[in-house]
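The numbers here are math on the coordinates, done by the rules we state, and not lab data. Since this is a predicted model, take the numbers as computed values, not measurements. Cβ placement follows ideal geometry from the backbone for every residue including glycine, while neighbour counts extend to all protein chains displayed.
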Amino acid sequence: MTKKEIVRSIADSLGFSHKKTREIVQGTFDAVVETIIDEGRIELRNFGIFEVKKRAARKAHNPKTGKAVQVPEKYVVRFKPGKFMEKRIAELVEKTKK
């Protein structure tokens, strides 16, 4: 799903204009990013936690040449789903098994 599709879905379900909804959605995304940058973590109840983690330097291989390369340490954003999301995903998995 794209941001445009999210905006359309929210606007249609709430009866808001697409322009105003787009501003709200973008403002929400901007606030999430700023919080992660400023605090290193944001917890959204019933959704999950976004957190900045340091990934250690490591050795890897170039798949084309097979040569070993050194990958420097870097910071990445990790996502840990909340309990509600995990429960819903588990329900989806169970439905697909049947």
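Take segment 43-98, compute every pairwise Cα distance, and split them into 10 Å bins from 0; I just need the percent in each bin.
20, 24, 23, 25, 7
Rounded to the nearest 20 Debye, what is the dipole magnitude of the chain about its Cα centre when Lys and Arg each give +1 and Asp and Glu each give -1 at the C-beta?
Details: 24 positive and 13 negative charges, 132 e Å.
It works out to roughly 640 debye.
Averaged over all directions, how much area does the convex hull of the C-alpha atoms of the chain cover when projected, in nm²? Before the final figure, lay out the partial values.
Working: hull surface 42.2 nm².
Computed as one quarter of the Cα hull surface, the answer is 10.5 nm².
Any idea how far apart K80 and R55 come out in nm if each label point goes 7 Å out from Cα toward Cβ?
Distance between label points: 1.9 nm.
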